[in-house]
Ligand SMILES: Nc1ncnc2c1ncn2[C@@H]1O[C@H](COP(=O)(O)OP(=O)(O)O)[C@@H](O)[C@H]1O
Ligand SMILES: [Mg+2]
């Protein structure tokens with residue numbers, strides 16, 4: 001197995017806040033160039049994992065590497081090889097969309113920041129709004145700008161923490177399209193979501209975080225096999241994340 005096959009590798013990760021355990025031994029690996037969706041309900045610990053992997057927070061125990069770099073001993077290398085779109089937008093509202101992008105390109109010491117900004121504005125359908133302050137943007141536009149900012153500089157791994165929470169369906173589909181395009185060009189995407197449908201649309205692998213552990217990790221087809229056959233009256237209904245939890249937890253209880 002090649003050393004670089006996994007862009008992210010996590011083993012036995014534990015984290016408590018004060019004395020309250022949130023992560024109780026999390027293990028998973030993400031193949032380079034794939035889209036990995038971490039599913040979990042509100043408060044499951046998704047953002048905590050993102051923060052640890054992006055070196056914003058230290059785990060209590062366990063190991064995590066990103067692009068082969070240990071998050072504790074090589075945080076600078078990790079930071080140089082990733083980008084993060086946090087759950088709460090990093091957009092500076094006083095600046096225009098264009099100025100936000102130019103600022104990030106400058107912070108990353110890239111050549112031709114104006115050209116980079118113009119290209120991303122075009123790709124994200126923000127050219128017309130480029131020279132308006134971000135404060136005037138709709139939620140969908142702001143999120144697109146936020147994701148565009150995370151794409152400045154071609155990071156090998158991008159982290160998207162609930163990229164579509166709070167977006168209307170149209171804006172959500174736009175964001176999905178952009179994420180797919182990005183993954184198609186070889187970038188590894190780590191995304192968290194509360195929506196099973198989002199994971200279905202995007203992810204090569206789906207993991208579910210529940211009670212501090214990864215309780216399921218597999219392809220969509222593998223996840224679907226965990227379901228009992230649908231009842232006739234529910235055939236049109238997509239299983240919710242809660243349905244998955246209940247199914248798996250019941251199996252565990254009766255196993
Ligand atoms: N800085 C903190 N101090 C104390 N508790 C926290 C802190 N950050 C998160 N938590 C708690 O840890 C749990 C997991 O939070 P989080 O990782 O944000 O979950 P998610 O992103 O899945 O919604 C929640 O119960 C949350 O209240
Ligand atoms: Mg979160």
Hey, any idea what the orientation-averaged projected area of the convex hull of segment 29-74's Cα atoms comes to, in nm²? 3.7
Gain upon complete extension [residue 132, residue 60; 0.36 nm per residue less C-alpha separation]: 21.5 nm
What do you get when you divide the Cα radius of gyration of segment 82-127 by 2.2 N^0.38 Å, with N the number of residues? 1.13
Rounded to the nearest 10, the angle in degrees between the Cα long axis of helix 97-107 and the longest principal axis of the Cα atoms of the chain comes to 80
7 Å from Cα along Cα→Cβ at both residue 112 and residue 42: what's the point-to-point distance in nm? 4.5
With angles folded into 0 to 90 degrees, how steeply does helix 241-254 sit against the dominant principal axis of the chain? Use alpha carbons for both and round to 10. 30
Under a 10 Å cutoff between Cα atoms, tell me which one of 77, 100, 217 has the largest fluctuation in the Gaussian network model of the chain. 77
Can you tell which of 81, 155, 138 shows the greatest fluctuation in a Gaussian network model of the chain with Cα springs below 10 Å? 138
Can you sort 198, 115 by how many other beta carbons sit within 10 Å, fewest first? 115, 198
Using Cα pairs closer than 8 Å and at least 6 residues apart in sequence, work out the relative contact order for segment 57-186, in percent. 30
Could you tell me the relative contact order of the chain? Use alpha-carbon pairs under 8 Å, at least six residues apart, and round to a whole percent. 25
Cα gyration tensor shape of segment 3-124, rounded if a/c is under 1.5, else prolate or oblate by comparing a/b with b/c: prolate
Please check: in the Gaussian network model of the chain (C-alpha springs, under 10 Å), which one of 80, 11, 225 has the largest mean-square fluctuation. 225
Note: the chain at 20 °C, 1.002 mPa s; Kirkwood Rh on alpha carbon pairs; Stokes-Einstein D in µm²/s works out to 112
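Every number in this text was worked out from the coordinates using simple rules, so none of it is lab data. All values derive from a computational prediction rather than experimental measurement. Every residue, glycine as well, gets a Cβ built from its backbone with ideal geometry; the counts of neighbours run over all protein chains shown.
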